[in-house]
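In what follows, a single structure is set out as structure tokens and then discussed.
Please treat every number below as a calculation from the coordinates, not as lab data. Just so we're clear, the structure is a prediction, and the values are computed from it rather than from any experiment. Neighbour counts are summed over all protein chains in view; Cβ atoms, including those assigned to glycine, are modelled from backbone coordinates with ideal geometry.
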Amino acid sequence: MPAKFKMSKKGVGQLLNSPMIGAEMLRRAQVIKGVAEAISPVGGPEDPHSGAYKANWHAEVRKKQVGRSRKKRLVGVVWNPSYYSRWVEYGTERVPAHHVLLRAAQAGGR
């Protein structure tokens, strides 16, 4: 007689919020953070913020609502709180976009 399997949605939800999944999300976020730090641009000596962008990356695990579901799941979050980080990422009329976080996520999100 073939084995039967019945999935428990509650059990899957508990698994997705388990410390094991949280540890993996943090590991992946730290890998992305490391790549972002490595490829971050640094201004020249005349730049008063020289090196601040590169030194300001953070990674952590948070519980966030994912999609339309009301349930919260563990997610890895990588961010840079520098006020000019959006201009480095997306560029301006005069400065080309560097896409640091995008490239780091593509390279290190495994």
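A few points about this structure:
- Given charges at beta-carbon only (K, R positive; D, E negative), |dipole| of the chain in Debye: 1300
- In order along region 66-79, the phi-based Karplus estimate (6.51 cos²θ - 1.76 cosθ + 1.60, θ = phi - 60°) of 3J(HN,Hα) comes to 10, x, 8, 5, 7, 7, 9, 10, 6, 9, x, 10, 10, 8 Hz; Gly and Pro are listed as x.
- Mean separation of Cα pairs under 8 Å and 6 or more residues apart, divided by the residue count, gives the chain a relative contact order of 28 percent.
- Cα long-axis angle, helix 19-39 against the chain (0 to 90 degrees, to the nearest 10): 20
- Over the chain, volume per residue of the alpha carbon convex hull, in Å³: 149
- Taking Ala59, Ala38, Ala29 as the candidate residues, the one with maximal mean-square fluctuation in a Gaussian network model of the chain, Cα springs under 10 Å, is Ala38.
- Where chymotrypsin sites (Phe, Trp or Tyr not before Pro) fall in DSSP loop in region 5-82, at most 14 other Cβ within 10 Å: Phe5
- The chain: calculated mean residue ellipticity at 222 nm from DSSP helix runs of at least 4, using -39500 (n - 2.57): -12500 deg cm²/dmol
- Note on the chain: GNM, Cα springs under 10 Å; of Ser40, Ser69, Ser85, the largest mean-square fluctuation is that of Ser69.
- Calculated log₁₀ intensity ratio I(q)/I(0) where the Debye formula runs over C-alpha points of region 58-103, q = 0.21 Å⁻¹: -0.78
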